[in-house]
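Reading through the structure tokens given below for one structure.
Each value in this text was obtained by applying a stated rule to the coordinates, not by laboratory testing. It should be emphasised that the depicted structure is a prediction, and the values quoted were computed from it without experimental measurement. Here the Cβ positions follow ideal geometry from the backbone for every residue, glycine too, while neighbour counts run over all protein chains shown.
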């Protein structure tokens with residue numbers, strides 16, 4: 001038999017795996033004999049120390065055509081000689097992955113009872129082919145940046161005594177590369193006009209708005225006036241947002257007369273009052289306070305009075321992209337409503353929740 005003494009010559013250094021969290025290195029160290037395997041490498045699914053359930057993929061070329069009955073994979077601290085299992089490494093739960101191509105995995109029995117050594121046996125024997133042996137379920141050693149060795153040997157007998165091919169491959173455990181980044185919080189809010197003849201929660205608009213005005217125009221006792229705005233929020237806030245509305249005070253003319261607010265409230269919206277009244281509605285059925293669909297239930301067309309404190313008109317419980325809610329406004333007058341031009345300002349506040 002030709003001399004199988006291992007030449008301690010590092011012949012190849014290759015990066016075999018690179019992800020955002022890990023780097024796996026392999027170093028091929030072929031032995032100096034005709035039956036040495038070539039182009040050997042071993043890659044780890046996770047090269048970080050002490051990781052569990054790691055997959056080790058060892059690949060080889062120049063496989064002898066001889067029928068083999070045993071394959072031994074020995075994980076060691078030294079390339080040759082006695083050595084020991086890398087500290088913290090456990091191979092006793094190793095299994096042969098069915099995707100292995102060096103042999104036909106279904107034919108082979110795995111013996112992983114001795115920590116650090118995995119033996120595959122098949123009494124009938126078969127010829128190996130250029131390819132890989134994939135072992136799952138291995139726990140990595142606990143020491144970083146230290147070279148360890150996979151000694152790979154095939155045998156022509158199931159007692160694993162007569163060697164056919166062999167190779168020694170170096171591998172290293174490396175710490176993962178911590179990735180960090182910062183995403184700034186974002187919030188955008190816009191108000192869009194709504195034309196006449198559009199629906200808003202069961203009502204129909206009969207005047208058009210602009211992005212900054214609610215021009216009810218001349219109101220008569222015969223017809224209430226309805227208008228609306230589309231309010232759109234985009235935010236990356238983890239817990240979404242809440243959109244609030246309020247006004248600066250009751251609709252008031254220059255002489256101090258006011259328009260009554262509707263009797264419904266944000267907590268308990270109601271049908272629009274007959275006669276003099278001013279209020280709002282929302283088509284958002286996901287308000288955060290119960291009942292969430294209080295404006296939209298039973299066909300909608302439920303109205304609430306503005307107050308000088310914020311009241312909820314739209315809500316989302318997660319990040320949203322262009323989440324649009326339509327809010328409507330309605331005003332009616334009575335025969336006793338004093339003449340004049342009435343004004344107030346409606347204010348919206350969008351609050352993200354991180």
- Which percent of Cα pairs goes in each bin when the distances of the stretch 12-172 are cut into 5 angstrom slices starting at zero? 2, 10, 19, 25, 22, 14, 6, 2, 0
- the chain - percent relative contact order, Cα under 8 Å, separation 6 or more: 16 percent
- Item | Residues 280, 247, sorted so that the one with the fewest Cβ neighbours within 10 Å comes first | 247, 280
- Message: Can you sort 119, 302 from fewest to most other Cβ atoms within 10 Å of each residue's own Cβ?
- Response: 119, 302
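Within 10 Å of each residue's Cβ, count the other Cβ atoms and sort 170, 89 from fewest upward.
Fewest-to-most Cβ neighbours within 10 Å comes out as 170, 89.
Taking every pair of alpha-carbon atoms in the stretch 175-219, give the share separated by more than 16 Å as a whole percent.
Tail fraction, whole percent: 62.
For the stretch 187-352, rounded, prolate or oblate, judged on the Cα gyration tensor with a ≥ b ≥ c (square roots of eigenvalues), a/c < 1.5 rounded, else prolate if a/b > b/c?
Numbers: a/c = 1.85, a/b = 1.70, b/c = 1.09.
Judged from the Cα gyration tensor, the stretch 187-352 comes out prolate (a/c at least 1.5, a/b above b/c).
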- the stretch 56-101 to the stretch 276-291: how many Å between their Cα centroids? 69 Å
- Task: Between the alpha-carbon centers of the stretch 125-143 and the stretch 174-240, tell me the distance in whole angstrom.
- Result: 60 Å
- Query: Using only the Cα atoms, what convex hull volume per residue in Å³ does the stretch 224-298 have?
  - Reply: 130 Å³
- Query: Semi-axes of the stretch 259-354's equivalent ellipsoid from the Cα gyration tensor, sqrt of 5 times each eigenvalue, largest first, rounded to whole Å?
  - Reply: 27, 15, 10
